[in-house]
Structure formats: C-alpha cells, structure tokens
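Report on the structure given below.
Each value in this text was obtained by applying a stated rule to the coordinates, not by laboratory testing. Quick caveat: nothing in here was measured; it's all calculated off a predicted structure. Every residue, glycine as well, gets a Cβ built from its backbone with ideal geometry; the counts of neighbours run over all protein chains shown.
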Amino acid sequence: MTSKVTYALLISTYNWPDALRLVLRSIRLQTQMPDEILIADDGSTVETKNIITEFSATIGVLVKHFWQEDKGFRKAKILNKAIAGSTAGYIIQIDGDCILHPSFVADHMQSAEANTYLYGSRVNILPAFVSDIFRSEKIDFNFFSKEIKNKTRTLHIPIVSGFYKPHSGISTKFRGCNVSFWREGFIAVNGYNEDYEGWGREDSDLVIRMGNNGTMAKRLRYAGVLYHIHHKINAKHAFDGNAKMQGEVIKNKTIRIENGIDKYLDGANPES
C-alpha cells in the first residue's frame, strides 16, 4: 500500500512582522491546509515570535518555528534546519512577504508530480499602496485591484495551468518565493548550500543542482498565485561572489554540495 503524502508549507522570514502577519492571515483562508507549517526565521526579534505564537495557538495545524541568531543573511542555513525538522514528503516554499491566494496550497498539492519541482509567479504589490495594505490588512486581490501590477499573473484558471508540462533546465521565470519540491529530492542534493551568505542565488543554485540530478521543472501558471509586498532590495554586497559560485555549479554540473542539510539530519544538532 502506498503511504499518504504529507505536505509542509515553509515560510522564510526576517524582522518584518507587519508583512508576516498578513501572510499568516492569508494562510487561514486556504481552501486546503498543509499538514504542517514551518517558519524559518533568520534571527527576528521577539515581536515576530509573538505573532507566530498567537498564530500557532489558533490555526489548528502543527506550526514549527525555527529560529537562529541574527548573524547576517543566512537564509540557506535556516531553511535547511526547517526542512530537516520536518517529516513531510513535499515542501511548498514561500517568503514571509508573500500573501497567498486562497487556493495557493491546494494548487501546489494538486499539481505535484513525481521527480519534478514546481515554480510559480508572483504578483507585485505597488510601492505606493504598501502602507494602505498594512493599515487595512488587505489580503484579497484580483485582476482589477489598483494595488497590483502584473495583472495577468493574478488570474486563477487551473484548467489552463494544466497545459504547462515539465521541462529540463532552470527557467528565467523561476522565483524562490514560490516553489515546491519533494523533500527526498532536496536531501539527495544536500539541500541549500550554506556557503551562500548574503542575498542572492541560494535558491536558483538549489534547483540547478536538482536539475543536474535529473529532477524536472514545471511552471505553475494561472495557479499557485501569490502577492509580493514591495520592499527595498536587500544589500547586494555578496551577490557577485554568490553568482560566481553558481557559475561553478553550472560549469561543473554539480549535484551534491558539502555544506548542506546533512549536518542537521539523524539527530545532529550543531551550533548555529
């Protein structure tokens, strides 16, 4: 008998409680809930912890909060820790500044295919409306909403989404804020490369290596809709070095890296 697949929604966050509060509100409205919710926290203050504690007490789904000390941008590390702490077979990953369409989780769950990762788009909330959205706690948007651009990306037409087929290689449309994958395939490449410290390329590096290992990619279009809250771009001081590392992954067709998730598996608990 085939065992039932379990699903985790993974949210990365860092010191933006106003945004996270809206993201968590949008989770409450999902038409289909994940089996567990993982929050990968790269060193936020107690305000974020309090929001998560309140949410955990009322959502009716297991919530696991993974926190590490703030020592700069170490997103790869905390994501590895969160996935290591999950038993779910399938991971749906978003950023903590992305408000979910009510069918977001259901779309990823229903579109999941063997040996394939899914990547979706994001609808951008315009900078001029961010303050209004926080004040009103608005989380519902549609094609006609004045607050958004990329309006066609907000269309939810699952039957059309089904026409997109798996492909090899990474797409220019890939965004790490809207992606899902099998945990087994993630572990096979040793997860995120923690040599990436500072903003940029840790997410594309992951799926390139998964592709090098034979995992296909599939675009989730007209489904898996989410709305990205505009913010200033993180400091890019590490970007050139990170891009160089990714270039080596592409050149060498790297599959498994050394500094990855394996150190957190099988009961290992290294210092942060």
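Structure values in brief
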read-out: Given 13 as the ceiling on other Cβ atoms within 10 Å, longest exposed-site-free region of the chain for chymotrypsin sites (Phe, Trp or Tyr not before Pro) in DSSP loops; value: 1-142
read-out: Coarse-grained scattering of region 89-163 at q = 0.13, 0.16, 0.21, 0.25 Å⁻¹, given as base-10 log I(q)/I(0) from a Debye sum over alpha-carbon atoms; value: -0.46, -0.67, -1.04, -1.33
read-out: Spread of Cα-to-Cα distances over 10 Å intervals beginning at zero, given as percent, for region 53-182; value: 9, 34, 36, 20, 1
read-out: All lysines inside 28 Å of Lys4 as judged from Cα atoms, apart from same-chain residues fewer than 8 positions distant; value: Lys64, Lys81, Lys165, Lys218, Lys263
read-out: Thr116, Thr152 arranged by Cβ crowding within 10 Å, fewest neighbours leading; value: Thr152, Thr116
read-out: Per-residue Cβ neighbour rank within 10 angstrom, fewest leading, Arg175, Arg122; value: Arg175, Arg122
read-out: Proximal aspartates and glutamates relative to Lys49, as straight alpha-carbon distance under 15 Å, when same-chain residues fewer than 8 apart are discounted; value: Asp18, Asp41, Glu69, Asp70
read-out: Neighbour-count ranking [beta-carbon atoms within 10 angstrom, fewest first] of Lys263, Lys149, Lys75; value: Lys149, Lys263, Lys75
read-out: Longest exposed-site-free window of the chain, the sites being GluC sites (Glu not before Pro) in a DSSP loop that have at most 11 other C-beta atoms within 10 Å; value: 138-257
read-out: Cα radius of gyration and Dmax for region 7-263 (Å); value: 17.2, 50
read-out: Part-to-part distance (alpha-carbon centres) for region 108-122 and region 44-97, which is given in Å; value: 21
read-out: Farthest positive-ward along region 7-263 dipole, Cα basis, beta-carbon charges - from Phe186, Thr154, Gly198; value: Thr154
read-out: Bridge type composition, the chain - antiparallel percent by DSSP, nearest 5; value: 30
read-out: Viscosity 1.002 mPa s, 20 °C: Kirkwood-radius Stokes-Einstein D of region 1-129 over Cα pairs, µm²/s; value: 140
read-out: Candidate aspartates and glutamates for bridging to Lys244, where Cα separation is under 19 Å - those fewer than 8 sequence places away on the same chain excluded; value: Glu194, Asp195, Glu197, Glu202, Asp203, Asp205, Glu258
